[in-house]
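Heads up: the structure comes next, in structure tokens.
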Number of protein chains: 2
Amino acid sequence: MDGKKITLKDIAQATGLSVNTVSRALKDKEDIAEATRKMIQGVAKEMGYVGNSLAGSLRSGLTRTIAVIVGDVANPHFAIMVKDIEKAARKHNYTIIVLNTEEDNELEERAIYTAIGKNVDGIIICPAQHSPDNIRFIQRNGVPFVLLGRRFEGETDFDYVISDDFNGGYLATRHLLENGHEKILLLNGPSRISSARERLAGYKHALKERGIPVVSKLITENGVLTGDARKTVKDLAAEDAGFTAIFAFNDVFAWEAIYMLRKMGHRVPEDYAVIGFDNIQSRNFFPFSLSSISNSKSKMSRRALDILLNKINNPKSGNRYHETVETRLILRESTRSHA
Amino acid sequence: MDGKKITLKDIAQATGLSVNTVSRALKDKEDIAEATRKMIQGVAKEMGYVGNSLAGSLRSGLTRTIAVIVGDVANPHFAIMVKDIEKAARKHNYTIIVLNTEEDNELEERAIYTAIGKNVDGIIICPAQHSPDNIRFIQRNGVPFVLLGRRFEGETDFDYVISDDFNGGYLATRHLLENGHEKILLLNGPSRISSARERLAGYKHALKERGIPVVSKLITENGVLTGDARKTVKDLAAEDAGFTAIFAFNDVFAWEAIYMLRKMGHRVPEDYAVIGFDNIQSRNFFPFSLSSISNSKSKMSRRALDILLNKINNPKSGNRYHETVETRLILRESTRSHA
DNA sequence: TTGTACGCGTTATCAT
DNA sequence: ATGATAACGCGTACAA
């Protein structure tokens with residue numbers, strides 16, 4: 001029952017034909033006797049032949065595999081996008097390999113190295129952004145790639161699909177301002193990350209538009225995988241820093257913030273309004289209702305894949321793809337106003 | 001800037017040495033002049049050589065890649081396990097490809113076919129369980145595999161790592177009973193799935209132990225990816241089926257149940273107690289505090305990988321691995337009692 | 001209609 | 001210490 005892998009050679013031996021007659025029969029080529037073909041296909045099926053795409057890939061240089069490199073698949077934001085990418089890729093007969101960088105530069109480098117070594121046809125990467133060098137390395141190797149969700153402002157020849165983070169930051173902040181909050185804690189991500197910088201810019205813009213001063217103490221940077229956000233909220237709330245609302249870099253931070261505030265005996269939204277980013281709840285029916293900025297993860301994922309496939313199929317087109325997907329304000333209870 | 005892939009041949013030409021000297025120098029073999037090695041490694045680095053593991057794989061028959069096949073990576077339960085597996089695999093220099101079955105038989109078959117075609121060294125799969133045939137197909141191809149989280153009772157030669165679902169079902173139900181609930185809605189998964197059947201058995205056992213009748217109307221099956229759970233809760237709560245507590249197949253169902261109940265104007269835990277399964281909140285700090293059954297996802301993931309690596313490295317050992325990881329009751333507010 | 005020969009990039013073996 | 005050759009499994013071009 002328990003067998004070894006069947007090769008064309010095995011089938012050739014079994015049928016007394018040559019390897020490549022078998023090969024062509026299985027690929028439904030024309031120049032083969034109908035009877036022979038049926039016979040070979042029957043034997044192949046019976047023997048459980050699966051084929052070895054490796055061998056073909058070595059020849060063609062194509063693997064029909066793409067690498068998806070993200071910070072952490074366990075983060076729902078990435079999990080959703082990875083799922084979307086896998087689904088779209090499957091439609092085009094592509095398979096994905098998933099690599100986590102843990103937002104670390106060396107792990108990112110290693111992930112890229114692995115991907116290239118496995119001869120993936122393309123790479124979709126949410127860069128950790130410690131520097132553009134890792135991405136340049138992809139480029140140097142001639143492997144098509146698309147950045148997902150983050151970009152390098154200085155590198156105009158890196159293609160990307162991002163969401164409109166500036167606008168998202170602006171919308172979230174303006175919403176809180178309109179509800180009467182003037183001291184807004186920005187629970188931001190690390191400033192090396194473009195989306196964090198752009199959300200911050202949106203935040204500042206909203207404040208300036210209303211003539212509200214930007215308080216640097218209320219602008220905090222938090223590691224994405226470290227639990228920093230909880231500590232920040234805890235410390236600032238404990239010392240009574242005066243804020244009445246929180247704009248979080250992502251929904252995970254927002255959840256942590258609310259978790260911590262409640263643990264400290266505060267109420268949301270009564271004592272503190274909280275808004276997140278990513279709108280994870282568009283897919284999950286959580287018992288808790290968190291206002292958030294929607295960034296169309298499906299659209300981003302599918303678009304990134306389309307662009308990548310385009311680049312794979314038209315290697316020399318030289319088209320530049322710098323795409324920004326809209327962001328929208330989604331109001332739920334965590335920022336409900338109390339007139 | 002934008003280059004082609006560098007091969008050993010390129011380096012050989014650049015250095016005037018033979019392909020195979022270059023190969024050995026890069027692999028730090030002994031029988032090579034120290035100076036030559038340094039030189040070659042220098043040139044390789046400068047040219048950005050990455051190597052083509054495909055070619056090596058063709059020779060060795062090993063890809064250092066394993067396939068992880070799950071229902072849906074966007075489900076946090078799977079997302080967490082995929083992350084854990086990737087991390088553990090990385091330590092052993094393995095890469096993972098991720099395939100979603102969407103709990104569908106044909107997609108599962110296709111996923112397995114793809115995995116085998118790509119010559120993965122092994123497969124970790126959470127089977128959709130429409131039948132054992134797909135798994136038998138893996139076996140027939142001689143590819144090592146481990147079932148994760150589900151098993152086929154009749155197939156003793158399928159290795160698996162599962163959680164103690166019977167006990168989990170028992171613990172959850174007993175807890176609700178101890179809090180005075182006698183009509184407990186079981187928001188279960190599809191009965192083809194072993195974990196659903198085993199949790200049901202635990203549920204029944206707890207009821208019988210207390211002499212509480214099993215009401216078949218309160219035992220419901222719900223598709224894992226379909227939103228059935230919401231509808232079930234809505235319908236049964238609307239017709240006033242008399243239950244006062246819910247034991248959900250997983251945390252996702254539990255969230256949906258609470259979402260729906262609240263939407264209908266009910267309170268949790270005051271009107272309905274709800275307990276889930278998977279204890280997603282061991283990793284995420286959600287604002288909502290859901291009682292759940294913990295099933296040690298890390299332990300399961302890591303163990304599944306260890307077993308798989310064992311099977312890969314000792315192909316003929318013939319060891320059988322049937323492992324059950326403990327489940328524990330985690331109490332939070334969604335089942336808080338009101339004495 | 002079918003078979004033979006060669007190449008993809010790498011590595012193991014054997015020769016120099 | 002280094003080079004030549006064969007082999008992995010398949011596909012393509014060409015020969016029979």
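Please treat every number below as a calculation from the coordinates, not as lab data. Since we're looking at a predicted model, the values are computed, not measured. Cβ: placed from backbone, ideal geometry, glycine included. Neighbour counts: every protein chain shown.
For region A:17-62, GluC sites (Glu not before Pro) are listed when DSSP marks them as loop and at most 15 other Cβ atoms sit within 10 Å of their Cβ; the list is A:Glu30. Each copy carries B:Lys208; placing its label point 7 Å along the C-beta direction from Cα gives inter-copy distances of 7.2 nm, listed from smallest up. For region A:293-309, backbone phi angles converted through the Karplus equation (6.51, -1.76, 1.60; θ = phi - 60°) give residue-by-residue couplings of 9, 7, 10, 6, 4, 4, 4, 4, 4, 5, 5, 4, 5, 4, 4, 4, 5 Hz, Gly and Pro being listed as x. Each Cα pair under 8 Å and six or more residues apart adds its separation to the average, and for chain A the resulting relative contact order is 16 percent. Radius of gyration over Kirkwood radius for region A:180-339, both on Cα atoms: the Rg/Rh ratio is 1.04. For the pair A:Glu106 and A:Thr156, label points projected 7 Å from Cα toward Cβ lie 3.7 nm apart. Peptide A:232-243 has a mean of 0 when you count, residue by residue, the C-beta atoms of other protein chains within 10 Å of its C-beta. Taken one residue at a time, the phi angles of region B:145-154 give Karplus couplings (6.51, -1.76, 1.60, θ = phi - 60°) of 8, 9, 7, 10, x, 9, 9, 10, 4, x Hz. Gly and Pro are set to x. Springs join every pair of Cα atoms under 10 Å in this Gaussian network model of chain A, and among A:Thr65, A:Thr36, A:Thr95 the largest mean-square fluctuation is at A:Thr36.
Computed from backbone phi with θ = phi - 60° and the Karplus coefficients 6.51, -1.76 and 1.60, the 3J(HN,Hα) list for region B:40-49 is 4, 4, x, 4, 4, 4, 4, 7, x, 5 Hz; x is used for glycine and proline. Between amide H atoms placed 1.01 Å from N, distances below 5 Å from A:Ser291 occur with A:Gly276, A:Arg332, A:Glu333, A:Ser334, A:Thr335, all of them 5 or more places distant or on a separate chain. The magnitude of the dipole of chain A, with charges of +1 and -1 set on the Cβ of Lys/Arg and Asp/Glu and taken from the Cα centre, is near 920 debye. Each principal axis of the Cα cloud of the protein assembly as shown was evaluated for its coordinate range; sorted largest first, these ranges are 78, 67, 49 Å.
If you count, for every residue in B:73-85, the Cβ atoms of partner chains within 10 Å of its Cβ, what is the mean?
On the way: counts 14, 14, 4, 5, 0, 4, 10, 3, 2, 6, 9, 2, 2.
Partner-chain Cβ atoms within 10 Å, mean over residues of B:73-85: 6.
Around the amide H of A:Ile96, modelled in the peptide plane, lie the amide H atoms of A:Ile66, B:Val98, all under 5 Å away and 5 or more residues distant in sequence or on another chain.
Using DSSP, restrict attention to beta bridges with both residues in chain A and report what percent are antiparallel, rounded to the nearest 5.
On the way: 3 of 33 bridges.
If we restrict to bridges inside chain A, about 10 percent are antiparallel.
For B:Asn119, the residues whose amide H sits under 5 Å from its own are A:Ser53, ignoring neighbours fewer than 5 places away on the same chain, with H placed 1.01 Å from N.
Hey, any idea what Rg/Rh is for chain B, computing Rh the Kirkwood way over Cα pairs?
Rg/Rh: 1.13.
DSSP loop (so not H, G, I, E, B), at most 14 other Cβ within 10 Å: list which trypsin sites (Lys or Arg not before Pro) in region A:1-54 pass both filters.
A:Lys4, A:Lys27, A:Lys29
Note on A:Lys234: lysines with a C-alpha under 16 Å away, same-chain residues under 8 apart excluded, are A:Lys217, A:Lys263. Taking every residue in B:132-144 and counting other chain Cβ atoms within 10 Å of its Cβ, the average works out to 3.
Shortest first, A:Arg59 label-point distances to identical copies amount to 2.0 nm, with the label point at 7 Å from Cα along Cα→Cβ. Under the criterion of Cα pairs below 8 Å and six or more residues apart, the relative contact order for region A:200-339 equals 20 percent.
Just list whichever of B:Lys183/B:Lys299; A:Lys204/A:Lys231; A:Lys118/B:Lys45; A:Lys27/A:Lys118; A:Lys83/B:Lys45 have alpha carbons separated by over 28 Å in the model shown.
Values: B:Lys183/B:Lys299 34 Å; A:Lys204/A:Lys231 23 Å; A:Lys118/B:Lys45 18 Å; A:Lys27/A:Lys118 25 Å; A:Lys83/B:Lys45 35 Å.
Pairs exceeding 28 Å: B:Lys183/B:Lys299; A:Lys83/B:Lys45.
Helix-only estimate, please: 222 nm mean residue ellipticity of chain A, summing -39500 (n - 2.57) across DSSP H runs of length 4 or more and dividing by its residues, to the nearest 500.
Working: 12 runs with 147 residues, N = 339.
Rounded to the nearest 500, it is -13500 deg cm²/dmol.
Report note on the peptides A:119-125, A:106-112, B:117-123: ranked by the mean count of other C-beta atoms within 10 Å, highest first, their order is A:119-125, B:117-123, A:106-112. For the pair A:Leu17 and A:Ser191, the difference between a 0.36 nm per residue extended length and the Cα-Cα distance amounts to 56.2 nm.
Taken over region B:19-105, the alpha-carbon convex hull comes to 135 cubic angstrom per residue.
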